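Visitor: Before I ask anything, here is the structure I am working with.
All of the numbers you see were taken from the coordinates with simple rules; none came from a lab. If you're wondering where the values come from, they're calculated on a predicted model, not measured in any experiment. Positions of Cβ are backbone-derived with ideal geometry, glycine not excepted, and every protein chain shown enters the neighbour counts.
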Amino acid sequence: MSRIGRLPVAVPAGVTVVIAENNKVTVTGPKGTLEKELPAEMEIKQEGAEIVVTRPNDLKRMKSLHGLTRTLLNNMVVGVTEGYKKVLEVNGVGYRASKSGNKLTLNLGYSHPVEMIDPEGVETAMEGQNKIIVQGIDKEKVGQYAAEIRDKRRPEPYKGKGIKYADEVIRRKVGKTGKK
């Protein structure tokens, strides 16, 4: 049995879960509504204040879908109650970020500023000039947008310049040494 798949998903008070045909799940909570079509092979049942995911047989595909389905459901429940947040840091001389409306402007040492518009369901906020906070209720969208921002200038291993996640550790390299 899948250790993760076996765990029931706790549904906190104030969250409603609607399981329609073909495993189309709608989760509504204080922060908003999320809708996702989960694998149809899995059996999703609501039992009181928790949701249980079961699989029809022990084929390799079913085993892998079991844990995935449960995790996706849990992510939806956590998203509508607490939401998700990623913090990015901009490091480097002259590197900075600014926000106006829903447009994020990044100055990253290129000849032009890089402008990015927040996708639907994801919000960015600034903390000073070098901290970008990406937040939203959909874990997938938050992570994807944060990765896209980081991709504009990834951290380099010599000086650590670039955009990195706040909890990311950059493996540093030693620069070249001069001849004597």
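Visitor: So, of the residues in the range 1-19 that are of a type in the set (A, V, I, L, M) and out of contact with any strand residue (DSSP E or B) (no Cβ under 7 Å at 6 or more places or on another chain), which turns out to be farthest from L68 (Cα to Cα)?
Guide: Keep residues of the range 1-19 that are of a type in the set (A, V, I, L, M), which gives 1, 4, 7, 9-11, 13, 15, 17-19.
Retained after the next criterion (residues that are out of contact with any strand residue (DSSP E or B) (no Cβ under 7 Å at 6 or more places or on another chain)): 1, 4, 7, 13.
Working: M1: 13, I4: 9, L7: 12, A13: 24 Å.
So the residue we want is A13.
Visitor: Hey, E50 hits all of (1) surrounded by 12 or more Cβ atoms within 10 Å (Cβ to Cβ); (2) under 28 Å from D167 (Cβ atoms); (3) touching a strand residue (DSSP E or B) at 6+ places or on another chain (Cβ under 9 Å) but one; which does it fall short on?
Guide: Here E50 meets the rest and fails (2).
Visitor: Among the listed residues G136, G101, G162, which satisfies the condition of being in contact with a strand residue (DSSP E or B) (Cβ under 7 Å, 6 or more places away or on another chain) and under 23 Å from G32 (Cα atoms)?
Guide: G136
Visitor: Let me ask something else. Within the range 88-125, which residues are farther than 15 Å from D151 by Cβ, crowded, with 16+ Cβ neighbours inside 10 Å and among the hydrophobic types (A, V, I, L, M, F, W, C)?
Guide: Of everything in the range 88-125, just one residue is farther than 15 Å from D151 by Cβ, crowded, with 16+ Cβ neighbours inside 10 Å and among the hydrophobic types (A, V, I, L, M, F, W, C), namely V122.
Visitor: Out of all the residues in the range 56-77, which are among the charged types (D, E, K, R) and either over 13 Å from N23 (Cα atoms) or out of contact with any strand residue (DSSP E or B) (no Cβ under 9 Å at 6 or more places or on another chain) (or both)?
Guide: The answer is D58, K60, R61, K63.
Visitor: Hey, any hits in the range 30-41 for a residue that's within 28 Å of V122 (Cβ to Cβ), loosely packed, with under 14 Cβ neighbours inside 10 Å, in contact with a strand residue (DSSP E or B) (Cβ under 6 Å, 6 or more places away or on another chain) and of a type outside the set (A, V, I, L, M)?
Guide: yes
Visitor: Identify the residue in the range 19-48 that is among the hydrophobic types (A, V, I, L, M, F, W, C) and under 23 Å from the mean Cα position of the chain (by Cα) and, among all such residues, is nearest to V142 (Cα to Cα).
Guide: So the residue we want is L34.
Visitor: Considering only residues of the range 134-154 that are free of Cβ contacts under 8 Å to residues at least 60 places away in the same chain and either of a type in the set (G, A, S) or in contact with a Cys (Cβ under 6 Å, 6 or more places away or on another chain) (or both), which is farthest from Y110 (Cα to Cα)?
Guide: G136
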